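Have a look at the structure below before the remarks.
The values are calculated or read from the model by the stated rules, or taken from the named source; none is laboratory data. All of these numbers come straight from a predicted model, not from anything done at the bench. Neighbour counts are summed over all protein chains in view; Cβ atoms, including those assigned to glycine, are modelled from backbone coordinates with ideal geometry. What goes into the accessible areas is simple: the full protein's heavy atoms, side chains included, and nothing from ligands, DNA or RNA. Shrake-Rupley method; radii C 1.70, N 1.55, O 1.52, S 1.80 Å.
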Amino acid sequence: VQLQASGGGLVQAGGSPRLSCQASGSTFELYDMTWYRQAPGKQRELVATATKSGSTSYGDSVKGRFTISREDAKKTVYLQMTSLKPEDTGVYYCYARINGRPYWGQGTLVTVSS
């Protein structure tokens, strides 16, 4: 399984970019998908999860601002970000655990300028 994240870049505070993560090589609809992020000098933190059954959950810092969704036919999970703040800056990774094995995307950098 390979996870390919895209959509990052330099964004102004208050902006609304959308990240995408496309999976290849497996049955996407059978596993949960999660976005993590890692800010400079900080530990990686969970941002949002979209389960295979369609439920979603969010980290406290992004609740009400970010929306995770998935499109199983395209093997893609999205992260719609709104009302971005400088503290949202970081590398965003998509993640899946398949048959007990963790898979990470390569990460996409989001830089929020104030």
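Tabulated data for the structure shown
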{"quantity": "Residue, farthest from M33 (Cα to Cα), within segment 66-97, restricted to residues that are outside any helix (DSSP H, G or I), of a type in the set (D, E, K, R) and open to solvent by 60 Å² or more (accessible area, probe 1.4 Å)", "calculated": "K85"}
{"quantity": "Flag if K63 is at pLDDT below 95, charged (D, E, K, R) and assigned to a loop (DSSP other than H, G, I, E, B)", "calculated": "no"}
{"quantity": "Unique residue being within 18 Å of G7 (Cβ to Cβ) and in contact with a strand residue (DSSP E or B) (Cβ under 6 Å, 6 or more places away or on another chain) when the list is R65, R70, R44", "calculated": "R70"}
{"quantity": "Meets criteria (farther than 16 Å from S6 by Cα, touching a Ser or Thr at 6+ places or on another chain (Cβ under 6 Å) and surrounded by fewer than 15 Cβ atoms within 10 Å (Cβ to Cβ)) for T49", "calculated": "no"}
{"quantity": "Checklist (1) exposed (fewer than 13 other Cβ atoms within 10 Å of the Cβ); (2) in contact with a strand residue (DSSP E or B) (Cβ under 8 Å, 6 or more places away or on another chain); (3) among the charged types (D, E, K, R) applied to D60, failing item", "calculated": "(2)"}
{"quantity": "Residue count, segment 2-33 (criterion: more than 30 Å from P86 (Cβ to Cβ) and either of a type in the set (V, I, T) or open to solvent by less than 60 Å² (accessible area, probe 1.4 Å) (or both))", "calculated": "6"}
{"quantity": "Scope segment 98-114; condition among the aliphatic types (A, V, I, L, M), open to solvent by less than 40 Å² (accessible area, probe 1.4 Å) and modelled with pLDDT of 95 or more; matching residues", "calculated": "V110, V112"}
